[in-house]
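Please treat every number below as a calculation from the coordinates, not as lab data. What you see is a predicted model, and the numbers here were worked out from it, not measured in a lab. Heads up, the Cβs are rebuilt from the backbone with ideal geometry, glycines too, and the neighbour counts pull from every protein chain shown.
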Amino acid sequence: MGATKICPRCNQVYIIVEHTGDYIHKCSSGNATLDNEDVPVISATIEDENGQTISTGRKVGCILWQGVQNKLWGSKAAIRGEDVETMSSRGARVSTHRVRKHQEYIKD
């Protein structure tokens with residue numbers, strides 16, 4: 001007999017077999033902000049959930065410099081310490097993060 005549960009992040013209903021323990025739910029609510037998450041870029045390549053190697057689009061020597069750019073560079077505001085960057089819908093800096101599908105770990 002299965003147990004009906006609700007994901008605490010995306011509010012989707014899922015069914016698992018009772019007494020199976022912990023569960024990883026792949027969020028698929030149709031809302032891109034809830035279904036995805038931002039993770040820091042720390043290498044030039046990553047391995048996706050299928051085991052395939054994918055390029056992050058960043059060069060190895062440039063990873064340490066990511067996030068340095070500032071739209072206000074050279075202006076009086078930059079001298080005063082202001083920093084304006086492009087942000088994702090979840091509030092992370094686009095220059096330092098990438099998007100991946102969110103998997104909610106649910107402890108039974």
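Given a Förster distance of 30 Å, report the FRET efficiency between Ser29 and Thr53 from their Cβ-Cβ distance, rounded to the nearest 0.05.
Plugging the Cβ-Cβ distance into 1/(1 + (r/R0)^6) gives 0.55.
Quick one: net charge around Val84, please, counting Lys, Arg +1 and Asp, Glu -1 for every other residue with C-beta under 11 Å from its C-beta. Value of the local net charge: -1. Cross-link reach is defined here as a Cα-Cα straight distance under 28 Å, omitting same-chain residues fewer than 8 places apart; for Lys101 the lysines meeting it are Lys5, Lys26, Lys59. Return the FRET efficiency for the residue pair Lys71, Ile46: r is the Cβ-Cβ distance, R0 is 30 Å, and the value is rounded to the nearest 0.05. Here the calculated transfer efficiency is 0.65.
Report summary: the helix-based calculation at 222 nm, which adds -39500 (n - 2.57) for every DSSP H run with n ≥ 4 and divides by the residues of the chain, gives -1000 deg cm²/dmol.
With K and R counted +1 and D and E -1, the other residues having a Cβ less than 9 Å from that of His25 yield a net charge of +2. Taking every C-alpha pair closer than 8 Å and separated by at least 6 residues, the mean separation divided by the residue count of the chain gives a relative contact order of 33 percent. The label-point distance for Thr86 and Val13, in a model that sets each label 7 Å from Cα toward Cβ, rounds to 4.0 nm.
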